Amino acid sequence: MRSILDILIKHNHWFLFLLLEGISFVLVVFFNNYQRATIFTSANSIAGNIYSAITNVDSYFGLKSENEILVDHNKKLINDIEILKARLREYEDSASIANMQFTSQHNEGFYYNTAKVVNNSINKVNNYITIDKGTSQGVNSQMGVFNDQGVIGVTYTSSSNYTVVMPLLNSKSIISCKVKDKGLCTLKWDGMETRYSYLIDLPRYELFENGDTVVTSGFSSIFPAGIPLGRIDRLEDSADGQSYRARVELFVDFSDIDNVFVVGNSNREEQEELEEIFN
Amino acid sequence: MTSKTITRTRNFVLLTLAQVIIFSQIHLFGYATACIFTIFLLKLPRHTTQNETIIWGFLFGIITDIFCNTPGIHSAAATSMAFSRKYILAAFTHKGLPDDFIPGVKSLKWGGYIVYAIICIAIFYAVLFPLELFAIRHFTTLLISTSSSIALTMLFVIVAEFFSPNK
């Protein structure tokens, strides 16, 4: 008995090793269920602040290109305003203005917020992005994130001032979308190239073509409809041969994202509760 | 003892910051990522207790995990490497060495130190990448990532050796 105890005491580092490995594996396996445990992600305040400080210095180097993007964006917005003004004038005297107000009410549940990316990875199978807005600025989990190029991802977990976003470049990310003027589909990344993602389970009866634009469907309660995701680049048979699979060239350059928009839906809970009844 | 602890803590903080701010952001060709904190574990004196080595390994891993949003992955890998270090080092120890030597070029010669470092770092990445690519079966990606990361980290291990105060 005593000799067994001696051996155990002599090899106590085995227990420490097994304990720490155990903790690590628990973290690996249960990370999906750890949405509230922001301490283990870069949303925690120390990691977030360090990344903010680095980004502050880093952002000076990108000011020129960022300015060009802003100028372009402004130009586009001014053009859009002009087009909308013209359209409004057309409708002004007609009775259809009442119809417009009626249809536009559907989108009123969405509200927008801006944020800055403080950390970003693209080389992993499960990439994450950290942004500098959190619950105190009204950013929570399950909100849509996009920039002027297109959809970036969905917020994953938030601390009071930082949020971790699950981008399209994450093997766990699944986005409900539609091919413009055609059917609904699902976008999923295969963990390989950062420029491409895949539409899976495309029905065979629908005629998809190369060059078709993929946009958000608006059915998921996270994104409003019509935010661009990418363009179909190649069509192929799925592994089981039952449906099509399409390679989509993503509009967003994930290696270079700086300013993003976060979109929330004040009706989301209501919509999900309602849908929950049927599930 | 105290000055040793202070030096180690200082090295720990500096290496961790360098790791998360610089090295974790660099991905050569999209595959290779250097984990330079492994140098700290490689260079612990021979008679550092196993418990201390394992705890250092776990701390390096968990902090890198927090910054890289990879909970558990780096810590599992670094703990494994810290645990196996003693047994690998024993294979390279010979009688001419002082009792509590620091592994390096001076004690193990270039050949010995490089082989010792490669085996330790290979163990690190052999745990890291399979855990990271858990759900996905891309065997070639796994092989390319592992071998290129070992090579890149070894480059930094060798560079560090040129600047090391006690080779």
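Note on chain A: with neighbouring protein chains present and a 1.4 Å probe, carbon and sulfur make up 55 percent of its accessible heavy-atom surface.
If I stretch the segment between A:Glu270 and A:Ser160 completely, what's the gain in nm (0.36 nm per residue apart, minus their alpha carbon distance), one decimal?
Working: separation 110, 0.36 × 110 = 39.60 nm, distance 2.42 nm.
Fully extending the segment from A:Glu270 to A:Ser160 adds 37.2 nm.
Over every Cα atom in the protein assembly as shown, the radius of gyration and the widest Cα-Cα span, Dmax, amount to 26.4, 99 Å.
What's the average, rounded to a whole number, of partner chain beta-carbon atoms within 10 Å of each residue's beta-carbon in A:184-195?
Details: counts 0, 0, 0, 0, 0, 0, 2, 5, 4, 1, 1, 0.
Mean number of neighbouring Cβ atoms from other chains: 1.
Dividing the summed helix terms, -39500 (n - 2.57) for each DSSP H run of n ≥ 4, by the number of residues in chain A produces a 222 nm estimate of -10500 deg cm²/dmol to the nearest 500. Of the solvent-accessible surface of region B:1-123, computed with a 1.4 Å probe and all protein chains present, 72% belongs to carbon and sulfur.
Going through region A:132-234, which chymotrypsin sites (Phe, Trp or Tyr not before Pro) have at most 14 other Cβ atoms within 10 Å and a DSSP loop state?
Details: sites: A:Phe146, A:Tyr156, A:Tyr162, A:Trp189, A:Tyr196, A:Tyr198, A:Tyr205, A:Phe208, A:Phe219; in loops: A:Tyr162, A:Trp189, A:Tyr205, A:Phe208, A:Phe219.
Answer by residue number: A:Tyr205, A:Phe219.
Taking only the alpha-carbon atoms of region A:38-279, what semi-axes of the equivalent ellipsoid follow from 5 times the gyration tensor eigenvalues under a square root, in whole Å, largest first? Numbers along the way, then the final one.
Working: eigenvalues 163, 132, 81 Å².
The three semi-axes for region A:38-279 are 29, 26, 20 Å.
On average, how many beta carbons from a partner chain sit within 10 Å of the beta carbon of a residue in B:72-79? It would help to have the intermediate numbers written out before the result.
Details: counts 11, 7, 1, 7, 8, 2, 2, 9.
So the per-residue partner count for this stretch is 6.
Distance cut-off 29 Å, Cα to Cα: go down the list A:Lys133/A:Lys172; A:Lys133/B:Lys4; A:Lys76/A:Lys178; A:Lys124/B:Lys4 and report the pairs above it. Beyond 29 Å between Cα atoms: A:Lys133/B:Lys4; A:Lys124/B:Lys4.
How large is the accessible surface per residue of region B:2-163, computed with a 1.4 Å probe and reported in Å² as a whole number?
Numbers: 7150 Å² over 162 residues.
Computed with neighbouring chains in place, this is 44 Å² per residue.
Taking all protein chains as shown and a probe of 1.4 angstrom, A:Glu273 keeps an accessible surface of around 120 Å².
To the nearest 0.05, how large is the calculated FRET efficiency for A:Leu19 and A:Ile122 if R₀ is 35 Å and r is the Cβ-Cβ distance?
Details: r = 34 Å, r/R0 = 0.97.
Result of the calculation: an efficiency of 0.55.
I need the peptides A:232-238, A:5-11 ranked by packing, meaning the mean over residues of other C-beta atoms within 10 angstrom, with the highest value on top. Don't skip to the answer; put the middle values down first.
Details: A:232-238: 14.0, A:5-11: 9.6.
The most tightly packed comes first, giving A:232-238, A:5-11.
Taking packing as the residue-averaged number of other Cβ atoms within 10 angstrom, the listed peptides B:60-71, A:261-272 run from highest to lowest as B:60-71, A:261-272.
Put a dot 7 Å past the Cα of B:Leu97, heading toward its Cβ, do the same for A:Ala225, and the two dots end up 7.0 nm apart.
Take each residue of peptide A:9-20, count the partner chain Cβ atoms within 10 Å of its Cβ, and average: the result is 5. For region B:1-104, trypsin sites (Lys or Arg not before Pro) meeting the loop criterion (DSSP other than H, G, I, E, B) and having at most 12 other Cβ atoms within 10 Å: B:Lys95. Projecting label points 7 angstrom from Cα along Cα→Cβ for A:Ser243 and A:Glu90 puts them 3.7 nm apart.
Heavy atoms of the protein chains alone define the surface here; on that basis region A:105-254 has 42 Å² accessible area per residue at 1.4 Å probe size. Across all directions, the average projected area of the convex hull around the alpha carbons of region A:141-279 is 9.4 nm².
At a probe of 1.4 Å, how much accessible area disappears from chains B and A on forming the pair, both sides counted, to the nearest 100 Å²?
Details: alone 9120 and 17660 Å², together 23830 Å².
Heavy-atom accessible area buried at this interface is about 2900 Å².
Over all distinct Cα-Cα pairs of region B:2-163, the Kirkwood formula returns a hydrodynamic radius of 16.0 Å.
Assuming R0 = 51 Å, what is the FRET efficiency of A:Arg234 and A:Asp6, from their Cβ-Cβ distance, to the nearest 0.05? Could the numbers behind the result be given before it?
Working: r = 66 Å, r/R0 = 1.29.
The value I calculate is 0.20.
Packing, taken as the mean count of other beta carbons within 10 Å per residue, orders the peptides B:25-33, A:123-131, B:100-108, A:169-177 from highest to lowest as A:123-131, A:169-177, B:100-108, B:25-33.
Here B:Ala90 and A:Tyr196 are evaluated by their C-beta separation; at R0 = 51 Å the FRET efficiency comes out at 0.60. Along the charge dipole of chain A, pointing to its positive end and built from +1/-1 on Cβ of Lys, Arg, Asp and Glu, which listed residue (A:Ser59, A:Val125, A:Phe30) has its Cα farthest out? With unit charges placed on the Cβ atoms, the residue in question is A:Phe30.
Between B:Phe163 and A:Asn67, the modelled labels are 3.5 nm apart [label points 7 Å from Cα along Cα→Cβ].
The values are calculated or read from the model by the stated rules, or taken from the named source; none is laboratory data. Keep in mind that what you see is a predicted model, and the values were worked out from it rather than measured. Positions of Cβ are generated from backbone atoms using ideal geometry, with glycine treated the same way; all protein chains shown enter the neighbour counts. SASA here: full protein model, heavy atoms, side chains in, ligands and nucleic acids out. Shrake-Rupley method; radii C 1.70, N 1.55, O 1.52, S 1.80 Å.
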